[in-house]
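To keep things clear, I will list the structure first and then write my remarks on it.
The values are calculated or read from the model by the stated rules, or taken from the named source; none is laboratory data. Not measured: the values here are computed from a predicted model. Virtual Cβ from ideal backbone geometry, glycine too; neighbours counted across all protein chains shown. We work out accessible area using only protein heavy atoms, side chains counted, and drop any ligands, DNA or RNA first. Shrake-Rupley method; radii C 1.70, N 1.55, O 1.52, S 1.80 Å.
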Amino acid sequence: MEQGTDVLTSLTSVLHDDKEFPNPEVFDPDQFLDESGNFKKSEYSMAFSSEKRICVEEGLACMELFLFLITILQKFALKSVVDPKDIDTTPAASGLVSVPPSYELCFILV
């Protein structure tokens, strides 16, 4: 590879590996939990890439996301405008990236 070559990576093959994720096409948060219900670290979960190309600010990004979500959950009750059983999590588009469908939520001040 020549110097200055741009490299685009796709983690789709890793995130859709049925050896690690039994049903990769279906959203299932339980696949990230161990038997006790605690988060289990997996080499397959690479939201910020890996190895030499890992995001330098991964720790800060995770902390900011955590604080943002906790603040929302402390100040609001979230309610779906449709019955949760009727929510379709199938990506709106798939290709280089998977685009999630849009959702509507009610934020009720607590």
Length gained if ASN38 through THR89 is fully extended, taking 0.36 nm per residue and subtracting the Cα-Cα distance, is 16.0 nm
Helix-only [θ]222 nm of the chain, DSSP H runs n ≥ 4, -39500 (n - 2.57) each, per residue, nearest 500 | -6000 deg cm²/dmol
Relative to the present Cα-Cα distance, how much length would full extension add between LEU60 and VAL14 at 0.36 nm per residue of separation?
-> 14.2 nm
If you take all C-alpha pairs in the stretch 62-110, what percent of them are over 12 Å apart?
-> 72
Enumerate the amide H contacts of PHE76 below 5 Å, restricted to partners 5 or more residues apart or on another chain; note that Pro and chain-start residues carry no placed amide H.
-> VAL110
Angle in degrees between helix 58-75 and the longest Cα principal axis of the chain, rounded to the nearest 10 | 10
Here the net charge surrounding LEU33, from other residues whose Cβ is less than 15 Å away from its Cβ (Lys, Arg +1; Asp, Glu -1), is -3
Please give the contour-minus-distance gain from PHE107 to LYS79: 0.36 nm per residue of separation, less the Cα-Cα distance, rounded to one decimal in nm.
-> 9.4 nm
With every protein chain kept in the model, how would you rank LEU60, LEU73 by accessible area, 1.4 Å probe, largest at the top?
-> LEU73, LEU60
